[in-house]
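Enquirer: Dumping the structure here so I can ask a few things about it.
What follows is calculated from the coordinates using simple rules that are stated; it is not laboratory data. The shown structure was predicted, so the numbers you read here are calculated from the model rather than taken from an experiment. Please note: Cβ atoms are built from the backbone with ideal geometry, for glycine as well, and neighbour counts cover all protein chains shown.
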Amino acid sequence: PQAFEEALEEAVTAAGCRLIVLAGFLSILSPDFVSRHRDRIVNVHPSLIPAFCGDGFYGLRVHQAALERGVKVTGATVHLVNEITDGGRILAQKAVEVHEGDSPETLQRRVMEEAEWVLLPQVVEDLAQNISKKEIGE
């Protein structure tokens with residue numbers, strides 16, 4: 001993990017990245033990496049945080065847990081990354097209905113298509129515009 005983060009840090013610095021977007025990223029970044037990029041790392045999580053989030057909740061596990069709990073609505077959350085897994089400030093959420101007969105796979109697909117793939121581009125565009133405005137002094 002340390003070698004990966006060193007390579008990531010090098011790539012981010014070399015590219016002059018001002019925003020890091022995690023999508024389908026299943027690794028947990030170290031507190032040191034996160035603190036160096038405070039408020040510049042965005043993640044999309046396949047649930048309505050604070051439900052079904054934190055350590056161990058990723059991929060199909062999130063949707064399996066939602067189905068086992070019997071929720072009628074789930075969704076996706078875009079949030080800033082901090083040192084707590086899925087604990088950063090929520091930037092946007094979008095709800096998705098759970099259908100009778102859903103499997104973890106069908107629910108995952110619907111959450112991706114109806115929420116994750118809609119929210120993440122919107123939030124990233126808004127953040128990028130705000131970064132640009134700050135840089136040109138607007």
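Enquirer: If amide H atoms are built 1.01 Å from N in the plane of the peptide, which residues on other chains or at least 5 residues away come under 5 Å of the amide H of residue 41?
Expert: Answer set, sorted by chain and number: 20, 81.
Enquirer: For a footprinting-style exposure proxy, rank 106, 85, 74 by other Cβ within 10 Å, fewest first.
Expert: In order of increasing Cβ crowding within 10 Å: 106, 85, 74.
Enquirer: May I ask for the net charge around residue 38, where only other residues with Cβ less than 12 Å from the Cβ of residue 38 are counted and Lys, Arg are +1 while Asp, Glu are -1? Could you put the intermediate results ahead of the total?
Expert: Working: positive: 36, 40, 89; negative: 32, 39, 83.
Overall, the nearby charge balance is 0.
Enquirer: Name the residue, out of 120, 107, 26, whose mean-square fluctuation peaks in a Gaussian network model built on the chain with Cα pairs under 10 Å.
Expert: Taking springs between Cα atoms under 10 Å, the residue moving most is 26.
Enquirer: For the chain, take the alpha-carbon Rg, divide it by the Kirkwood Rh, and send me Rg/Rh.
Expert: Numbers: Rg = 16.0 Å, Rh = 15.9 Å.
Radius of gyration relative to Kirkwood radius: 1.01.
Enquirer: Sort out for me the Cα centre separation of the range 51-73 from the range 1-26, rounded to whole Å.
Expert: Cα centroid of the range 51-73 versus Cα centroid of the range 1-26: 27 Å apart.
Enquirer: Between residue 105 and residue 19, what length comes free when the chain is fully extended (0.36 nm per residue of separation minus the Cα-Cα distance, one decimal in nm)? Working shown, then result.
Expert: Numbers: separation 86, 0.36 × 86 = 30.96 nm, distance 3.03 nm.
Here the answer is 27.9 nm.
Enquirer: Pick from 115, 76, 92: which is most flexible by mean-square fluctuation in a GNM of the chain where alpha carbon atoms under 10 Å apart are linked?
Expert: Result: 92 has the largest fluctuation of those listed.
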